[in-house]
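Asker: Take a look at the following structure, please.
The values are calculated or read from the model by the stated rules, or taken from the named source; none is laboratory data. This one's a predicted model, so the numbers in the text were calculated from it and none came from an experiment. Ideal geometry is used to build each Cβ from the backbone, glycine not excepted, and the neighbour counts take in all protein chains shown.
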Amino acid sequence: MNRLDVLVGRDPIAVDYAPGTVQMVEQHDGSRIALRKIDADYDPHDRLGAQTFLQKHAAKGQIVTGLLYVDPDAEDLHEHLNTVETPLNTLEADTLCPGSAALDKFNASLR
Amino acid sequence: MTYIAKPKFHHPGLKKNELGYTHRDYEGKISTLCAGCGHDSITASIIEACYELSIEPHRVAKISGIGCSSKTPDYFLGNSHGFNSVHGRMPSVLTGANLANRDLIYLGVSGDGDSASIGFGQFAHSIRRGVNMTYIVENNGVYGLTKGQFSATADRGSKSKKGVTNTDNAIDLVAIALQLGADFRRALVLRRQDPARAADRGRDPPQGRVVHRRHQPLHRIQQPRRLDQELRLCPRAQ
């Protein structure tokens with residue numbers, strides 16, 4: 001048999017602070033956290049810079065917020081494997097398994 | 001509360017998105033998690049994000065591991081594909097599904113135990129391979145199902161409900177993902193309902209995404225605590 005749970009209602013905690021600043025946020029139990037928003041001129045394309053930024057502020061006990069890193073030229077697994085655009089589960093059997101002649105040709109290309 | 005059927009009726013005036021769906025069309029079953037659990041706020045945020053982004057539910061595949069966090073896909077996107085896999089093995093199952101059908105939007109749902117302990121290797125390799133997915137880590141730093149032990153992401157110096165201090169260093173999943181080549185990463189601290197807007201902003205990057213959502217546990221860790229934090233790492237936006 002389930003029992004009833006009672007949860008005291010609390011108001012949501014919301015913060016709004018400027019880029020490059022640290023915001024201390026007090027939570028419902030009285031504990032506090034430090035939020036650090038990235039600077040307005042932060043470069044999100046610098047991977048090493050993002051790692052440094054993250055670790056530097058983590059050492060200060062600050063949680064960084066914002067867009068930290070973007071690689072616009074990134075590839076995904078399908079590009080790495082050079083798979084076809086058509087989903088594999090929609091390909092016909094003869095396409096997925098073109099036969100021994102195709103296999104022989106492929107093996108020959110590896111020699 | 002699984003015996004309570006969720007009513008399907010809704011107010012006829014509910015706002016619809018570009019597809020003509022209301023947010024009710026993105027909901028799942030009634031949550032069976034503890035009242036007030038932060039996981040439910042993440043569920044609500046996912047529903048809101050998918051509604052606002054006008055994502056077709058049938059184009060989403062939600063795949064999870066084991067744990068409280070991995071139960072949550074049952075509570076959102078009830079009309080989507082779903083698979084509750086093995087503990088810590090969500091990334092592998094999702095990778096296989098992605099290879100078979102690259103047209104779906106993959107949502108991987110995991111927790112701090114699922115991704116930072118038993119599935120730590122899976123987490124790492126899915127990122128270094130650049131699997132096209134949204135990886136959500138519902139991270140509260142504690143194993144709630146097994147009575148409140150510290151997880152691998154618990155802050156050093158944290159105190160449990162019974163006063164035990166965590167002396168181990170914490171795994172920072174976001175820092176590790178960045179090191180492993182995650183090519184889109186976002187760290188946000190947001191109000192409860194704001195992750196939907198964050199997801200909206202996350203559409204632009206050309207590669208997929210991994211979301212690390214950190215929230216505070218329910219009265220288990222005393223100090224320090226963290227507000228809703230959403231950290232987004234990615235390989236590929238849909």
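Asker: Since A:L35 meets every condition but one in (1) touching a Ser or Thr at 6+ places or on another chain (Cβ under 8 Å); (2) more than 7 Å from chain B (Cβ to nearest Cβ); (3) not acidic (D, E), which condition does it not meet?
Answerer: (2) is the only condition that A:L35 fails.
Asker: Out of A:Q55, A:Q27, which single residue is in contact (Cβ under 8 Å) with a residue 12 or more places away in the chain, surrounded by fewer than 17 Cβ atoms within 10 Å (Cβ to Cβ) and facing chain B (nearest Cβ under 9 Å)?
Answerer: Answer to the selection: A:Q27.
Asker: So, of the residues in the stretch A:30-52 that are without any contact (Cβ under 8 Å) to a residue 12 or more places away in the chain and farther than 20 Å from B:I176 by Cα, which turns out to be surrounded by the fewest Cβ atoms within 10 Å (Cβ to Cβ)?
Answerer: Looking at residues that are without any contact (Cβ under 8 Å) to a residue 12 or more places away in the chain and farther than 20 Å from B:I176 by Cα, I get A:D41.
Asker: Within the group A:P72, A:P12, A:P19, which residue is in contact (Cβ under 8 Å) with a residue 40 or more places away in the chain and loosely packed, with under 15 Cβ neighbours inside 10 Å?
Answerer: On the way: A:P72 fails: in contact (Cβ under 8 Å) with a residue 40 or more places away in the chain; A:P12 fails: in contact (Cβ under 8 Å) with a residue 40 or more places away in the chain.
Testing whether each residue is in contact (Cβ under 8 Å) with a residue 40 or more places away in the chain and loosely packed, with under 15 Cβ neighbours inside 10 Å leaves just A:P19.
Asker: Answer with yes or no whether B:T153 is under 18 Å from A:A59 (Cα atoms), modelled with pLDDT of 85 or more, buried (at least 22 other Cβ atoms within 10 Å of the Cβ) and not aromatic (F, W, Y).
Answerer: Yes: the conditions hold for B:T153.
Asker: Does the stretch B:53-96 hold any residues that are of a type in the set (D, E, K, R) and touching a helix residue (DSSP H, G or I) at 6+ places or on another chain (Cβ under 7 Å), and which are they? Don't jump to the end; show me each part of the working.
Answerer: Within the stretch B:53-96, the first condition is being of a type in the set (D, E, K, R), and the residues that meet it are B:56, B:59, B:62, B:71, B:74, B:89.
Residues satisfying the conditions are B:K62, B:R89.
Asker: Could you tell me which residue of the stretch B:132-145 is nearest to the other protein chains (Cβ to nearest Cβ), considering only residues that are assigned to a loop (DSSP other than H, G, I, E, B) and either small (G, A, S) or surrounded by 23 or more Cβ atoms within 10 Å (Cβ to Cβ) (or both)?
Answerer: Here the residue is B:N132.
Asker: For the stretch B:9-40, which positions are touching a strand residue (DSSP E or B) at 6+ places or on another chain (Cβ under 9 Å) and closer than 24 Å to A:H28 by Cβ?
Answerer: B:G38, B:H39
Asker: Here is a further query. What are the pairs, 6+ residues apart or on separate chains, where a residue within the stretch B:118-130 that is more than 11 Å from B:G88 (Cβ to Cβ) and hydroxyl-bearing (S, T, Y) has its Cβ under 9 Å from a residue that is at pLDDT 95 or above and crowded, with 17+ Cβ neighbours inside 10 Å?
Answerer: The qualifying pairs are B:S126/B:M90; B:S126/B:P91; B:S126/B:S92; B:S126/B:L94; B:S126/B:T95.
Asker: Something else now. Checking the condition surrounded by 10 or more Cβ atoms within 10 Å (Cβ to Cβ), touching a helix residue (DSSP H, G or I) at 6+ places or on another chain (Cβ under 9 Å) and among the aliphatic types (A, V, I, L, M), which residue from A:L67, A:L103 passes?
Answerer: One residue alone meets the criteria, A:L67.
Asker: Still on this structure: May I ask you to verify whether B:S54 is of a type in the set (S, T, Y) and either at pLDDT 95 or above or over 23 Å from A:V6 (Cα atoms) (or both)? Don't jump to the end; show me each part of the working.
Answerer: Numbers: of a type in the set (S, T, Y): yes; either at pLDDT 95 or above or over 23 Å from A:V6 (Cα atoms) (or both): yes.
Taking the combined requirement at face value, the residue satisfies it.
Quick grid of which residues meet (1) in contact with an Asp or Glu (Cβ under 9 Å, 6 or more places away or on another chain); (2) away from every other protein chain (no Cβ under 12 Å):
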{"site": "A:Y69", "(1), (2)": "yes, no"}
{"site": "A:E75", "(1), (2)": "yes, no"}
{"site": "A:E85", "(1), (2)": "no, no"}
{"site": "A:A102", "(1), (2)": "no, yes"}
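Asker: Another question, then. Which of the residues spanning the stretch A:58-69 are touching a residue at least 12 places away in the same chain (Cβ under 8 Å) and among the aliphatic types (A, V, I, L, M)?
Answerer: Passing the criteria: A:I63, A:V64, A:L67, A:L68.
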